[in-house]
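These notes are about the structure you will find just below.
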Amino acid sequence: MKPIIGIAGNILTKHAEVFHDNLVTYTPQGFVDGVQNAQGIPLVLPIGDPETAKTYVNQIDGLLLAGGQDISPFLYNEEPSIKIQETEPKRDYFEKALIIETLKQKKPIFAICRGIQLLNVVEGGTLYQDLSDYPDWHIQHLQASIPSVGGHSITIDAGSHLASILPDNYHVNSYHHQAVKKLADSFVATAWSKDGIIEAYESRDPAQSIVAVQWHPELMLNEDTPMQALFDDFIQRSKKA
Ligand code: MN
């Protein structure tokens, strides 16, 4: 049986000419490709009523949290700083409900970019609303290069699950201006940038399979990179669920 992977979808809230000014639900194609390449069945979940989260999670074998808007700072009891960018509270609260139900059902999670941030917040962690709030920030995390290019290196904890998937000191792309500040107690950091930003974490609970990464592996699938291996690993984890 091929596992069904719920991909938390996004909404284009601004009118776009290419869609004849209609609003659209979407997910970037890289997430679909990554799951399909790994022989998983992607199922895009449109933003909806948080009360419907259980119905969705009941039908999936793993949850993929995708990139996108800033996380509303209200989720970690802060007011928006002057540097916060667009937020989409409806998405935050729907995905929060998906996360809570997925953790309850102990189904695997693969969290990417915004996903690593939201998952941390839902479990009680906090974020830097902007990297300029981090005193040791000195690496470009909002890279000027195209997404298939690795923008900065990461150091991976040799004992982590991530280390069994990726080579250490690998170059990852980087498109974030927010980052994990206080990591939730239920997680353990597994990779860092050279300026000390948490770039990946996993769950402390061996019964809860989580890989969360701050970069965009779905945008590095077509180059000579091992990023498809993260999707292959996720599908394997979802089969065991
Ligand atoms: Mn980065």
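Residues of region 108-125 being buried (at least 19 other Cβ atoms within 10 Å of the Cβ), in a loop (DSSP other than H, G, I, E, B) and out of contact with any strand residue (DSSP E or B) (no Cβ under 6 Å at 6 or more places or on another chain), which ones?
Hits for region 108-125 are CYS113, GLY125.
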The number of residues in region 192-230 that are polar (S, T, N, Q) and assigned to a loop (DSSP other than H, G, I, E, B) is 5
List pairs: first in region 173-193 and farther than 14 Å from TYR134 by Cβ and more than 10 Å from the ligand (Cβ to nearest atom), second of a type in the set (Lys, Arg) and assigned to a loop (DSSP other than H, G, I, E, B), Cβ under 7 Å, 6+ apart or cross-chain?
SER186/ARG204; PHE187/ARG204; VAL188/ARG204
In region 46-70, anything part of a loop (DSSP other than H, G, I, E, B), touching a Ser or Thr at 6+ places or on another chain (Cβ under 9 Å) and acidic (Asp, Glu) is listed as ASP61
In region 142-163, which residue that is closer than 22 Å to ASN120 by Cβ and more than 14 Å from the ligand (Cβ to nearest atom) is surrounded by the fewest Cβ atoms within 10 Å (Cβ to Cβ)?
GLY159
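Hey, any hits in region 74-94 for a residue that's of a type in the set (Ser, Thr, Tyr), within 16 Å of the ligand (Cβ to nearest atom), modelled with pLDDT of 95 or more and out of contact with any helix residue (DSSP H, G or I) (no Cβ under 6 Å at 6 or more places or on another chain)?
Going through region 74-94, the residues of a type in the set (Ser, Thr, Tyr) turn out to be 76, 81, 87, 93.
Next, only the ones that are within 16 Å of the ligand (Cβ to nearest atom) stay: none.
Within region 74-94, none of the residues are of a type in the set (Ser, Thr, Tyr), within 16 Å of the ligand (Cβ to nearest atom), modelled with pLDDT of 95 or more and out of contact with any helix residue (DSSP H, G or I) (no Cβ under 6 Å at 6 or more places or on another chain).
The rows are residues; the columns are (1) modelled with pLDDT of 95 or more; (2) closer than 29 Å to ASP61 by Cβ.
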{"site": "GLU101", "(1), (2)": "yes, yes"}
{"site": "GLY125", "(1), (2)": "yes, yes"}
{"site": "LEU131", "(1), (2)": "yes, no"}
{"site": "ILE146", "(1), (2)": "no, no"}
How about region 164-178: which of its residues are crowded, with 16+ Cβ neighbours inside 10 Å and closer than 23 Å to ASP205 by Cα?
ILE165, LEU166
What's the total number of residues in region 168-218 that are closer than 16 Å to GLN228 by Cα, among the β-branched types (Val, Ile, Thr) and within 12 Å of the chain's Cα centre (by Cα)?
2
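Look at SER203 and say whether it is within 13 Å of the ligand (Cβ to nearest atom), polar (S, T, N, Q) and without any contact (Cβ under 8 Å) to a residue 60 or more places away in the chain.
Details: within 13 Å of the ligand (Cβ to nearest atom): no; polar (S, T, N, Q): yes; without any contact (Cβ under 8 Å) to a residue 60 or more places away in the chain: yes.
No, not satisfied.
The values are calculated or read from the model by the stated rules, or taken from the named source; none is laboratory data. As the structure is a computational prediction, the values presented were derived from the model and not from experiment. Here Cβ is always computed from backbone atoms with ideal geometry, including for glycine, and neighbour counts include all displayed protein chains.
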